[in-house]
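Trainee: Before I ask anything, here is the structure I am working with.
The values are calculated or read from the model by the stated rules, or taken from the named source; none is laboratory data. Note that this is a predicted model, so its numbers are computed, not measured. Methodologically, a virtual Cβ is constructed for each residue, glycine included, from the backbone with ideal geometry; neighbour enumeration extends over all protein chains shown. Accessible surface areas use protein heavy atoms only, side chains included; no ligands, DNA or RNA. Shrake-Rupley method; radii C 1.70, N 1.55, O 1.52, S 1.80 Å.
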Amino acid sequence: MADGRFPKDNMSQPKSPAYSIGIDLGGSSVKSVAATRDGTILVRRQVDFDPSASMDWAKRIGEVVADIERQQGTQAQAVGLAAPGLASRAGDAIAFMPGRLSGLEGLNWTTRLQRQNPVPVLNDAHAALLGEAWVGAARGLRNAILLTLGTGVGGAAMIEGKLLLGEIGRAGHFGHASLDPFGKPDICGAPGSLELAMGNCTIGERSEGRFATTHDLVKAYQAGDPAAAQIWLDSLRRLAAGIASFINILDPAAVIIGGGIARSGDALFVPLRKLLDGMEWQPGGYSVPLRPAQLGEFAGALGSAYRGWQST
């Protein structure tokens, strides 16, 4: 069932090898994988939950873990979990996630899932970069940053082979970098942020109501609409300015770009590369490559599985 974006699947193997379960909790679904130490996927699935039902997401996660272990005929050697919000310093819970997924803050997943080994907990974007570094677009790199372009702009950084977390887990929130100190504040208080300049959350405002989604904007741009071109290229100019700044601060070997907007392909990467070439400091002619993310919506689950292996 390999489709070119994922490492080799091994779902028909009669006897399961040792594996780790990775869980990625989203806004309305739980994505999960079971993967061996070399990144071979044994199971990959997505289960929806009812966001309006109290702790339904927690119930579904427990069921997913139990179902995978039943299917494999043996207990997972490790379990890792990713979710929105800031992970605790101990890495055993989400410490801060206001407004959504009531009950998530402070929930200890080692206790909840009744595991003998600790269940490491990560921010979802951090987990996505770990997945890409394990078996995706950042494989083999010691320094890389990830930007996820979707409703908002998420991100993560890996420095000298280690995930950059920061003092309280905020590191890598590139979407909340301020590009305009006189702009309106975003949800984190950053004025004129990258998220407001590029996220799908503001496309209606940026296009004065003409486009409902970034996909619609890109489609019009590809069709030669001059107004769409101006809006899209202005957004990409701001994105390029942000990336140039991140490169100067963190000096990555590559910038990985994922999320729904990254599916725009050449309509994104070709003009973005051209704009970035006009802004990036390129000592000795060295240019940091832009790479599309490879693991799609299961990057966070794979990163969680990898973090689980690291905890054993």
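Trainee: Remind me, relative contact order of the range 176-312 in percent, using alpha carbon pairs under 8 angstrom and six or more residues apart?
Mentor: 18
Trainee: I'd like the distance separating the alpha-carbon centroids of the range 77-148 and the range 252-312, in whole Å.
Mentor: The two parts, judged by their Cα centres, are 19 Å apart.
Trainee: Who wins for biggest fluctuation among 284, 103, 136 in a Gaussian network model of the chain, springs between alpha carbons below 10 Å?
Mentor: 284
Trainee: Once you've got the GNM for the chain with C-alpha springs shorter than 10 Å, pick whichever of 195, 132, 205 has the biggest mean-square fluctuation.
Mentor: 205
Trainee: Cα atoms only: what Rg and Dmax, in Å, come out for the range 147-240?
Mentor: According to the Cα coordinates of the range 147-240, Rg and Dmax are 14.8, 46 Å.
Trainee: Pick from 248, 200, 108: which residue has the top mean-square fluctuation in a GNM of the chain where Cα pairs under 10 Å get a spring?
Mentor: Highest fluctuation of the listed residues: 248.
Trainee: Ignoring ligands, DNA and RNA, what percent of the 1.4 Å accessible area of the range 19-119 is carbon and sulfur?
Mentor: Whole-percent figure for carbon plus sulfur exposure: 44.
Trainee: Sticking with this structure for a sec: Within the chain, how many Lys pairs that are eight or more residues apart, or on different chains, come under 26 Å at the alpha-carbon?
Mentor: 6
Trainee: Quick check on the range 21-123: what are the equivalent-ellipsoid semi-axes from the Cα gyration tensor, as sqrt(5λ), descending, whole Å?
Mentor: 22, 16, 12
Trainee: How many percent of Cα pairs in the range 140-183 exceed 15 Å?
Mentor: 50
Trainee: Now for a different question. For the charge dipole of the range 114-204, defined by +1 on Lys and Arg C-beta atoms and -1 on Asp and Glu C-beta atoms about the Cα centroid, which residue among 191, 149, 164 has the Cα displaced farthest towards the positive pole?
Mentor: 164
Trainee: Mean shadow of the range 103-152, computed from the convex hull of its alpha carbons, in nm²?
Mentor: Result: 5.3 nm².
Trainee: Under 37 °C and 0.692 mPa s, how fast does the range 58-215 diffuse according to Stokes-Einstein, given a Kirkwood radius computed over C-alpha pairs? Answer in µm²/s, whole number.
Mentor: For these conditions, the coefficient is 187 µm²/s.
Trainee: So how do 147-158, 46-57, 259-270, 83-94 stack up, highest first, on mean other-Cβ count within 10 Å?
Mentor: 147-158, 83-94, 259-270, 46-57
Trainee: Something else about it: Sort largest first and round to whole Å: the equivalent ellipsoid semi-axes of the range 173-312, each the square root of five times a Cα gyration tensor eigenvalue.
Mentor: Taking √(5λ) for each eigenvalue gives 26, 19, 18 Å, largest first.
Trainee: In 5 Å bins starting at 0, how do the alpha-carbon pair distances of the range 182-230 split up by percent?
Mentor: With a bin width of 5 Å, the distribution comes to 5, 22, 26, 21, 14, 9, 3, 0.
Trainee: Okay, next question. Given a 1.4 Å probe, how much area per residue of the chain is accessible, in Å²?
Mentor: Accessible area per residue, the chain: 46 Å².
Trainee: Still on this structure: Taking the 0 to 90 degree range and rounding to the nearest ten, how far is the long axis of helix 124-135 tilted relative to the main principal axis of the chain, both from C-alpha atoms?
Mentor: Taking the Cα atoms of the chain, the angle to 124-135 is about 80 degrees.
Trainee: About its Cα centre, how strong a charge dipole does the chain have in debye, to the nearest 20, once Lys and Arg get +1 and Asp and Glu get -1 at the Cβ?
Mentor: Taking the Cα centre of the chain as origin, the dipole is about 600 debye.
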